[in-house]
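For reference, the structure is listed below as structure tokens.
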Amino acid sequence: MTLSYTFSATLWEPPGEASWVFVTLPEADSDEILEEVPRRTGVGAVKVTATIGDTEWSTSLFPSKELRSYVLPVKRAVRVSEAIEVGDIARVTLEIDIAAEA
């Protein structure tokens, strides 16, 4: 079974000198992922295939207690390829293979 989500979200950067850029998943999508994806030990990352524009890559979602949602890191190569930067709104598609997460 594969879960699929499409949403628009603003790219943001955590405070400080971090080089990471993220988008935050909608709360309803995060709640469903939390409910549907088997729990794993560790930080609670969930493997996904992400797509923004024409760029697709494999990565992980990470839970954020502060935001009460999952966040998706958007690597530099994707931002350059899609000509997006912090503050821009991106249309994101995520696919999660539930069997791979079990």
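The values are calculated or read from the model by the stated rules, or taken from the named source; none is laboratory data. Everything numeric in this text was worked out from a predicted model, so none of it was measured. Every residue, glycine among them, receives a Cβ derived from its backbone with ideal geometry; neighbour counts consider all protein chains shown. Heavy atoms of the whole protein, side chains included, go into the accessibility calculation; ligands, DNA and RNA do not. Shrake-Rupley method; radii C 1.70, N 1.55, O 1.52, S 1.80 Å.
The angle between the Cα long axis of helix 27-36 and the longest principal axis of the Cα atoms of the chain comes to about 30 degrees, rounded to the nearest 10.
At a 1.4 Å probe radius, which order do W20, W57 fall into by accessible area, largest first? Walk me through the numbers before you get to the answer.
Numbers: W20 155, W57 15 Å².
The ranking, largest first, comes out as W20, W57.
Shown for the chain: the carbon plus sulfur share of the solvent-accessible area, taken with all protein chains present and a 1.4 angstrom probe, equals 49%. Normalised per residue, the accessible area of the chain is 61 Å², obtained with a 1.4 Å probe and no contribution from ligands, DNA or RNA.
Charges only on Cβ, +1 for Lys and Arg, -1 for Asp and Glu: so what's the dipole of the chain about the Cα centre, in debye to the nearest 20? It would help to have the intermediate numbers written out before the result.
On the way: 9 positive and 17 negative charges, 62 e Å.
The dipole of the chain has a size of about 300 debye.
The residue among L72, G42, S60 whose Cα reaches farthest toward the positive pole of the charge dipole of the chain, with charges on the beta-carbon of Lys, Arg, Asp and Glu, is G42.
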